[in-house]
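Reviewing the structure listed below.
The values are calculated or read from the model by the stated rules, or taken from the named source; none is laboratory data. Small disclaimer: the values here were computed from a predicted structure and weren't measured. Here the Cβ positions follow ideal geometry from the backbone for every residue, glycine too, while neighbour counts run over all protein chains shown.
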Amino acid sequence: MNDERAANAIDRKLGQRVRSRRLEIGMSQERLAELLGVTFQQVQKYEKGVNRIAASRLFDIAAALQQPISRFFEGLSQGRGAGVAEAKQDYIDDALATPEGAQLMSVFASIRSQRVRRKVVDLVRTLAEEAAESNKRG
């Protein structure tokens, strides 16, 4: 039975983007909940995509996070199928939705030297390759 009111891939993607932005600006779930007049558990449910975000609530969230509401929808396809959210950017959004990913981006953005940024990317790439090889070996 397909419940039209049940959360779907778009709801999960919107929640993920709310979380990414909240972490980006260093706001706690409690503070966002306070600004919205809801419990922090409700904010958790929005961010996990468990509960759908009403248009008026998304408008309030965008204002609280100081971000245009359109930013939450950028890059989403218009289809309603299983692949509703963009697949290509998912891993980036997933990483940015973690505290470590948001922190890494913040620190990386503060590096002015292009040479140093390249070295950081090389380091992270090497670490990722080593981790992948370790996982293959078991």
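Filtering segment 3-21 to residues that are over 9 Å from the mean Cα position of the chain (by Cα) and assigned to a helix (DSSP H, G or I) leaves A9, I10, D11, R12. For segment 26-47: of the residues being aliphatic (A, V, I, L, M) and assigned to a helix (DSSP H, G or I), which is surrounded by the fewest Cβ atoms within 10 Å (Cβ to Cβ)? If we take residues in segment 26-47 being aliphatic (A, V, I, L, M) and assigned to a helix (DSSP H, G or I), then L35 is surrounded by the fewest Cβ atoms within 10 Å (Cβ to Cβ). When segment 104-128 is filtered for residues that are over 25 Å from E24 (Cβ atoms) and at pLDDT below 90, nothing remains. Within segment 73-103, the set of residues being at pLDDT 65 or above and among the acidic types (D, E) comprises E74, D93, D94, E100. Determine, yes or no, whether R57 is assigned to a helix (DSSP H, G or I), modelled with pLDDT of 90 or more and among the basic types (K, R). So R57 passes the test. Scanning segment 11-25 for residues that are in contact (Cβ under 8 Å) with a residue 40 or more places away in the chain and either crowded, with 19+ Cβ neighbours inside 10 Å or outside the structural domain of R71 (by TED's automatic domain parsing) (or both) returns D11, K13, L14, Q16, R17, V18, R19, S20, R21, R22, L23.
Selection of first residues in segment 91-119 that are over 18 Å from F72 (Cβ atoms) and of second residues that are in a loop (DSSP other than H, G, I, E, B), restricted to Cβ pairs under 6 Å at least 6 apart or on distinct chains, gives the following pairs, ordered by first then second residue: R117/I111.
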